[in-house]
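*Asks:* Next up is a structure, given as structure tokens.
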Amino acid sequence: MYKMELLYEGKAKKVYATDDPALLIVDYKDDATAFNGVKKGTIRGKGVINNRMSNRLMKRLEASGIPTHFVEELSERETLVKKVSIVPLEVIVRNISAGSFCKRYGVEEGIVFDEPTMEFSYKNDALNDPLICVPHILAMKLATREEIAQIERYALGVNEALREFWSGCGVTLVDFKLEFGRLPDGTIILADEISPDTCRLWDSATGKKLDKDRFRQDLGGVEDAYTEVMRRLTAHDHA
Ligand code: TMP
Ligand code: ASP
């Protein structure tokens with residue numbers, strides 16, 4: 001597989017074309033941003049951890065019936081993925097209150113919900129990824145009613161599978177963000193990444209934050225937290 005021209009450079013990843021028009025190579029960086037790029041930094045070794053973690057989790061999700069873009073891990077930072085056209089929505093599932101939920105509603109962190117919640121943001125940096133409701137997704141033709149229903153089913157399936165997996169690692173899955181894409185035939189599959197950048201992960205015993213909130217909130221020990229969740233995932237995966 002040949003890595004060809006750089007197609008896109010995002011905040012945490014670079015995307016390259018390959019000699020197969022249906023496949024892309026994603027290259028994970030150590031760069032970290034928060035608050036839509038206002039806060040910038042580096043989390044040493046993050047690219048390697050996010051690449052490996054995302055691939056492991058996507059393999060598990062495939063096994064539980066959720067189609068993903070994952071094809072093959074090529075190196076510690078590079079992965080071959082299916083080319084999709086990204087649905088411009090951030091799909092956020094929450095099990096416990098945190099982050100923008102607490103800010104928006106003025107409630108404390110750590111409220112355990114009776115049922116998971118789901119919300120969508122319109123993926124648009126210039127607008128700061130605003131929250132968007134289903135009627136507006138339809139009005140903006142960002143996705144069809146059928147696609148939204150499929151995305152909701154997959155997102156809840158991802159929550160069930162990941163909650164159970166992380167719980168086996170002694171980690172509580174608080175919330176996460178997913179992105180979906182369309183294959184050329186219109187099939188919806190899970191894309192982007194699943195990592196401590198895109199999930200909130202708390203140590204089940206102590207409540208310690210083991211995710212990007214350590215960077216967002218200047219809590220220190222960012223690299224150690226990423227290393228710790230990866231260690232637990234690897235130990236559990238091999239058990
Ligand atoms: P929020 O509470 O800030 O809305 O974040 C919800 C989840 O989405 C959390 O696990 C972090 C993740 N997330 C991203 O992956 N990318 C983003 O740009 C933001 C704002 C959140
Ligand atoms: N990805 C977001 C940013 O752009 C931030 C976050 O994850 O909080 O800066």
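*Asks:* Collect the residues in segment 5-27 that are without any contact (Cβ under 8 Å) to a residue 60 or more places away in the chain and either part of a loop (DSSP other than H, G, I, E, B) or more than 24 Å from D185 (Cα to Cα) (or both), keeping them in residue-number order.
*Replies:* Selection gives E5, L6, E9, G10, K11, K14, D19, D20, D27.
*Asks:* Would you say T172 is over 29 Å from I43 (Cα atoms), within 13 Å of ligand 1 (Cβ to nearest atom) and not small (G, A, S)? It would help to see each step written out before you state the result.
*Replies:* Details: over 29 Å from I43 (Cα atoms): no; within 13 Å of ligand 1 (Cβ to nearest atom): yes; not small (G, A, S): yes.
Answer is no for this residue.
*Asks:* Among the residues of segment 17-48 satisfying the criterion of being charged (D, E, K, R), within 14 Å of ligand 2 (Cβ to nearest atom) and surrounded by 12 or more Cβ atoms within 10 Å (Cβ to Cβ), which is farthest from the chain's Cα centre (by Cα)?
*Replies:* We begin by selecting, within segment 17-48, every residue charged (D, E, K, R); these are 19-20, 27, 29-31, 39-40, 44, 46.
Applying the additional criterion that residues be within 14 Å of ligand 2 (Cβ to nearest atom) yields 29, 31, 39-40, 46.
Narrowing the set further to residues that are surrounded by 12 or more Cβ atoms within 10 Å (Cβ to Cβ) leaves 29, 31, 39, 46.
On the way: K29: 15, D31: 16, K39: 19, K46: 14 Å.
Only one residue fits best here, namely K39.
*Asks:* Among the residues of segment 206-215, write down those that are basic (K, R), more than 24 Å from I66 (Cβ to Cβ) and either within 11 Å of ligand 2 (Cβ to nearest atom) or surrounded by fewer than 20 Cβ atoms within 10 Å (Cβ to Cβ) (or both).
*Replies:* The initial filter retains those residues of segment 206-215 that are basic (K, R), namely 208-209, 212, 214.
Those left that are additionally more than 24 Å from I66 (Cβ to Cβ): 208-209, 214.
Across segment 206-215, the qualifying residue is only K208.
*Asks:* A further question on this structure: Looking at V174, is it buried (at least 21 other Cβ atoms within 10 Å of the Cβ) and either in a helix (DSSP H, G or I) or small (G, A, S) (or both)?
*Replies:* When the stated conditions are applied, V174 does not pass them.
*Asks:* Just checking, which of D129, D203, D185, D175 is closer than 27 Å to V26 by Cα, away from ligand 2 (no atom under 16 Å from the Cβ) and modelled with pLDDT of 95 or more? Talk me through it step by step, then tell me what you get.
*Replies:* Values: D129 fails: away from ligand 2 (no atom under 16 Å from the Cβ); D203 fails: closer than 27 Å to V26 by Cα; D175 fails: away from ligand 2 (no atom under 16 Å from the Cβ).
Sole residue among the options that is closer than 27 Å to V26 by Cα, away from ligand 2 (no atom under 16 Å from the Cβ) and modelled with pLDDT of 95 or more: D185.
*Asks:* I would also like to ask the following. Can you run down the residue pairs with Cβ atoms below 8 Å, 6 or more apart or on separate chains, where the first is in segment 102-113 and free of Cβ contacts under 8 Å to residues at least 12 places away in the same chain and the partner is loosely packed, with under 12 Cβ neighbours inside 10 Å?
*Replies:* From residues that are free of Cβ contacts under 8 Å to residues at least 12 places away in the same chain, the pairs are C102/E108.
Quick grid of which residues meet (1) buried (at least 18 other Cβ atoms within 10 Å of the Cβ); (2) at pLDDT 95 or above; (3) under 24 Å from N36 (Cβ atoms):
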site	(1), (2), (3)
V87	yes, yes, yes
E115	no, yes, no
Y122	no, yes, yes
I148	yes, yes, no
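*Asks:* While we're on this one: Here are V71, V93, V48: which of them is free of Cβ contacts under 8 Å to residues at least 60 places away in the same chain, part of a strand (DSSP E or B) and of a type in the set (A, V, I, L, M)? Walk me through how you get there before you give the answer.
*Replies:* Working: V93 fails: free of Cβ contacts under 8 Å to residues at least 60 places away in the same chain; V48 fails: part of a strand (DSSP E or B).
Step by step, each of V71, V93, V48 is checked, and only V71 is free of Cβ contacts under 8 Å to residues at least 60 places away in the same chain, part of a strand (DSSP E or B) and of a type in the set (A, V, I, L, M).
*Asks:* Which residue is nearest to P184 (Cα to Cα), if the candidates are limited to segment 114-134 and must be part of a loop (DSSP other than H, G, I, E, B) and in contact (Cβ under 8 Å) with a residue 40 or more places away in the chain?
*Replies:* Here is the first cut: in segment 114-134, the residues part of a loop (DSSP other than H, G, I, E, B) are 123-124, 128-130, 133.
Checking which are in contact (Cβ under 8 Å) with a residue 40 or more places away in the chain leaves us with 123, 128-129.
Values: K123: 21, N128: 28, D129: 26 Å.
Among residues in segment 114-134 that are part of a loop (DSSP other than H, G, I, E, B) and in contact (Cβ under 8 Å) with a residue 40 or more places away in the chain, the one nearest to P184 (Cα to Cα) is K123.
*Asks:* Please specify each residue of segment 108-129 satisfying the condition of being within 11 Å of ligand 1 (Cβ to nearest atom) and more than 14 Å from E179 (Cα to Cα).
*Replies:* E109, T117, D125, N128 - these are the residues of segment 108-129 that are within 11 Å of ligand 1 (Cβ to nearest atom) and more than 14 Å from E179 (Cα to Cα).
The values are calculated or read from the model by the stated rules, or taken from the named source; none is laboratory data. Owing to the predicted nature of the structure, the values given are computational and were not obtained by experimental measurement. Quick reminder, even Gly has a Cβ in these numbers, built from the backbone with ideal geometry, and neighbours come from all protein chains shown.
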